[in-house]
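Read the structure below first, then the notes.
The values are calculated or read from the model by the stated rules, or taken from the named source; none is laboratory data. The structure displayed is predicted, hence computed values, not measured ones. Here the Cβ positions follow ideal geometry from the backbone for every residue, glycine too, while neighbour counts run over all protein chains shown. Side chains included, ligands, DNA and RNA excluded: accessible areas come from the protein's heavy atoms. Shrake-Rupley method; radii C 1.70, N 1.55, O 1.52, S 1.80 Å.
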Amino acid sequence: MVSQYGIKYAVHIITNHFGPLVAKVCDCLLKKGPLPLREIVRYTELSETLVRNCLLVLIQHNCLQPFLLEEEGGFGEVNKVSSLYMVLFDNVLHRVRFSKFMAIVSQEFDKLCVDLIETLLQHGRLSSEQIFDGFRDSTEGSSSGGMEALQENMHKLVMARYVERCPISEPLLALPSEEEAAPVRRRGAKSAKAFLEPETLEQRVLVAAVPPEGMRFSFELNPEIGADRDKVENNSSSNIGDKRKLDALESDIDGGVADKQVALWRVNFEEFIRRLRHKICIETVRTRLDDEAATVFTAMLDASRSEEKKIKTASSVPLSENSIYAEVIKSEKGRNMTLDYVISVLVGLSSSPPFVRVVDNSYSIDFKHTIEVAQTDEVESIVYKKYGKDAYRMFRLLSKAGRLLETDKISDSIFLEKKETANILSKMWQGDYLQMEKLIAGPTQFLLWKVNMINLRERVLDDMFHAALNLSLRVAYELEQQKEILHLGVDGPMKEKYEKLKKVRFLLESSRMKLDDAIMIFHDF
């Protein structure tokens with residue numbers, strides 16, 4: 001369930017990128033959930049043609065997934081199939097992370113790969129021909145050799161899983177068969193929940209839409225691309241972003257099937273979020289332990305990365321000491337380490353808080369706990385900035401205790417007066433950072449305090465969405481101010497004002513990127 005400010009922030013992003021009409025359709029689907037075309041038209045009060053065009057834009061930029069839902073018919077009637085449209089909230093948020101994605105590619109590949117990723121990020125989903133058409137007039141694509149280099153770099157990106165084939169246009173969510181439904185009825189509620197994973201409708205749709213693994217990351221080099229350039233240039237085709245992109249998408253709205261011979265490609269957001277998740281895990285280990293622990297942890301990530309099947313993997317595959325050491329010595333920092341030293345670092349990683357689990361002399365990364373540590377660190381930082389050092393110490397005490405503590409116990413533990421302790425605890429409770437319970441024993445009343453981290457994470461995430469929205473609005477305001485000054489000219493006294501606005505905008509953009517890092521810790525990881 002997306003929070004109130006999460007929806008507002010997502011709609012603001014779509015408004016900035018595609019305008020108010022597309023944002024209106026997005027807002028409707030985020031608030032109402034998946035809807036058929038006629039219901040979207042009814043709720044938005046826009047014409048059907050306009051709604052179709054807005055849906056096409058969202059599909060083109062991977063922010064919306066159409067799907068077919070089979071529902072039971074009435075008595076004596078056949079099952080009916082409805083065509084619904086669902087906004088992909090996570091993909092909307094990813095639109096503010098494009099610079100982070102490009103930075104990851106630039107660290108691993110050359111500029112041509114970065115340009116290819118930038119093209120796909122800018123235009124959403126494209127065929128191979130459409131991607132390469134954008135480079136025909138450039139130096140890289142002006143010759144057959146240049147086109148071969150483009151294809152080779154595209155192949156690298158697909159093999160690295162940064163680029164993937166687009167999902168099935170309209171996956172079908174069929175009703176479960178009697179065999180599939182029977183075990184659920186016989187099992188208990190807890191077992192049924194595990195059996196039905198993935199649970200949410202969005203997860204079910206996304207799983208059904210994913211192409212087979214062999215097709216999803218399969219890119220064949222085509223020597224014919226670029227060989228007949230003059231013929232292509234003389235054909236009546238438009239540039240990237242025009243009608244030819246929409247032709248491949250019309251079937252998503254009309255309920256048809258797109259031409260199966262045309263393979264459409266897009267950026268694989270999952271792989272980029274996985275890399276960013278690994279990065280925050282490494283930094284958490286470095287902060288809590290040291291650089292050597294981070295080096296060994298990084299090696300474990302590299303050794304097990306290919307086995308990760310989803311972003312929110314709870315733990316990595318088990319690794320032996322020798323396989324970990326073999327990966328450690330591949331890095332410059334790791335070559336100074338002996339096997340015994342690496343084993344001693346692994347012992348430290350498996351101590352409290354355990355970033356690594358040990359089972360039968362095999363080691364696996366505990367992603368779930370590592371992310372929880374990062375979330376706790378972020379919440380504690382917020383408490384420190386908002387309520388001060390003493391509040392931070394109280395919150396940390398309660399967080400570690402994981403149970404109810406009485407005011408006197410907290411006061412004695414942090415060596416602070418009871419009255420002051422009660423005041424600070426009350427402020428944090430009013431801000432929904434603590435839970436309070438009253439215990440009455442005769443004429444005496446005791447106040448008990450506790451941190452409910454599950455509820456608190458949801459509250460903190462919504463606050464972060466609110467802050468990100470406000471920052472984005474402020475950035476937009478500063479940008480308008482800059483445009484006005486540019487229109488008037490930046491000579492004389494206006495130049496100083498212009499430079500000041502540039503610095504303010506840079507600071508706001510940097511703050512927004514850091515805030516987005518924190519949002520990913522609570523929402524994406």
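Counting only the Cα atoms, segment 18-96 fills a convex hull of 98 Å³ per residue.
Given +1 on the Cβ of Lys and Arg, -1 on the Cβ of Asp and Glu, and no further charges, what dipole in debye does segment 1-103 carry about its Cα centre, rounded to the nearest 20? Let's see the in-between values first.
Values: 11 positive and 9 negative charges, 113 e Å.
Using Cβ point charges on Lys, Arg, Asp and Glu, segment 1-103 gives about 540 debye.
Extension gain, Gln430 to Leu201, is 78.9 nm, computed as 0.36 nm per intervening residue step minus the present C-alpha separation. The Cα-based radius of gyration of segment 274-433, divided by its Kirkwood radius, gives an Rg/Rh of 1.09. When the alpha-carbon atoms of segment 272-328 are used, the pair Rg, Dmax equals 11.2, 29 angstrom. Taking each of Lys312/Lys503; Lys368/Lys389; Lys32/Lys100; Lys400/Lys427; Lys279/Lys309; Lys310/Lys333 in turn, the alpha-carbon distance tops 26 angstrom for Lys312/Lys503; Lys368/Lys389; Lys32/Lys100; Lys310/Lys333.
In the context of the full set of protein chains, residues of segment 6-69 present 40 Å² of accessible surface per residue (probe radius 1.4 Å, heavy atoms only). Computed log10 I(q)/I(0) for segment 57-163 at 0.13, 0.24 Å⁻¹: -0.61, -1.30, from the Debye equation with unit scatterers placed on every C-alpha and solvent omitted. Could you please state how large a percent of the accessible area of segment 284-371 is carbon and sulfur, counting protein chains only and using a 1.4 Å probe? Of the solvent-accessible surface of segment 284-371, carbon and sulfur hold 49 percent.
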